[in-house]
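Okay, so here's the structure we're looking at.
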Amino acid sequence: MFVDQVRITLIAGKGGDGCVSFRREYRVPKGGPDGGRGGDGGNVYLVSDQNLNTLAYFRYHPINKAKKGAHGQGSNKQGKRGKDLYLRVPVGTVVKDALTGEILYDFTRPGEVFLAARGGRGGRGNASFATPTHQAPREFEKGKPGEEKELILELKLIADVGLVGFPNVGKSTLISKISAASPQIADYPFTTLTPNLGVVDVDDERSFVVADIPGLIEGAHEGHGLGIQFLRHVERTRVLVHLIDVSPYSGRDPVQDYHVIQKELEAFNPDLVKRKQVVVANKIDLLGSDHSRLEAVKKLARCEKKPFLAISAVTGEGLKELKTLLAELLKEQRESEKIEPTLGKEEELGKKIKTEE
């Protein structure tokens, strides 16, 4: 099951109580206070894992608790610290505060670690309260409760290229032809109900990840059709392929289709329309002798100053040129981006987690 948004509750462990105890040993007169402090409660960590691609675990486990710390004991024995809880999430997960909507963390690389809820501090035992003038204290502290956080986890697929367009324009067919992905393909709208990822090999040295985003319709940013739940997956992509059906059987105006999708992308996130975008006319094998629809889209791309290609995903015509063009655009995009190196602390903590497991 593909789950890309969940609301969860994380509860860190409560700290253990301090102990009230006095030393009682043979031949040790006037034994003083020796109550130890309680152990700290366990923390709750979120860790990004490249082997996961859904948040389905949290659909069935919405509440997660770390272990509490043990109480202090006599002989100045400190309680055992509560075991930390590590929860794995897919790369691309955004962590938000459920009450304010504030973004707390964004997992963009494997092995990143985020402290989501801090465990409570253990209480002091009576040995900590002893002074020269107060030699037999009976005071102690209760353990502090751990943090309780209500969070929203949103998964935004990380792909280099995103395929966007109306339902049934051939996105699933295209991704199945240029990669090893096997999406459901049929001759009716909304056959793709979840985003599909595929790796495209251009040559021995170049490859990229492409995402087939379920079809958009007018009003998608307001939740119409499959709506906003899949628009978020477009945000991570570097290049968008706007696929347009130019066959005479769609019953729609291809130029109007382009403007509708652009409007939906802009309404959801104005930055999306500023991304590098390739206009691709699909289903040219069905044109026959009338090429007016193809010419209209070609003219549109020229006016919009965007690269244009005409392809047939079914017959494979133009697919090699499309892969080459996308590889070149991605190379330009990567060179213009400044990618920060992975933090050493995160790598060290990731190794520590593996060793503990």
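The values are calculated or read from the model by the stated rules, or taken from the named source; none is laboratory data. Quantities reported herein were computed from a predicted structural model and do not represent experimental measurements. Cβ coordinates were reconstructed from backbone atoms using ideal geometry, including for glycine residues, and neighbour counts include every protein chain displayed.
Some values worked out for this structure:
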| read-out | value |
| --- | --- |
| Residue ranges of strands (runs of 3 or more DSSP E) in region 234-327 with at least 3 members closer than 17 Å to residue 213 by Cα and either acidic (Asp, Glu) or touching a Gly at 6+ places or on another chain (Cβ under 7 Å) (or both) | 239-245 |
| Criterion (more than 33 Å from the chain's Cα centre (by Cα), surrounded by 18 or more Cβ atoms within 10 Å (Cβ to Cβ) and either touching a residue at least 24 places away in the same chain (Cβ under 8 Å) or outside the structural domain of residue 97 (by TED's automatic domain parsing) (or both)) met by exactly one of 69, 15, 36 | 36 |
| For residue 167: the one exception among (1) part of a strand (DSSP E or B); (2) surrounded by fewer than 19 Cβ atoms within 10 Å (Cβ to Cβ) | (1) |
| Any chance residue 128 is in contact (Cβ under 8 Å) with a residue 60 or more places away in the chain, among the polar types (S, T, N, Q) and under 28 Å from residue 39 (Cα atoms) | yes |
| Residue that is nearest to residue 35 (Cα to Cα), among those in region 88-125 that are among the polar types (S, T, N, Q) and under 11 Å from the mean Cα position of the chain (by Cα) | 93 |
| Single unsatisfied condition, residue 42 versus (1) surrounded by fewer than 20 Cβ atoms within 10 Å (Cβ to Cβ); (2) in contact (Cβ under 8 Å) with a residue 24 or more places away in the chain; (3) more than 18 Å from the chain's Cα centre (by Cα) | (1) |
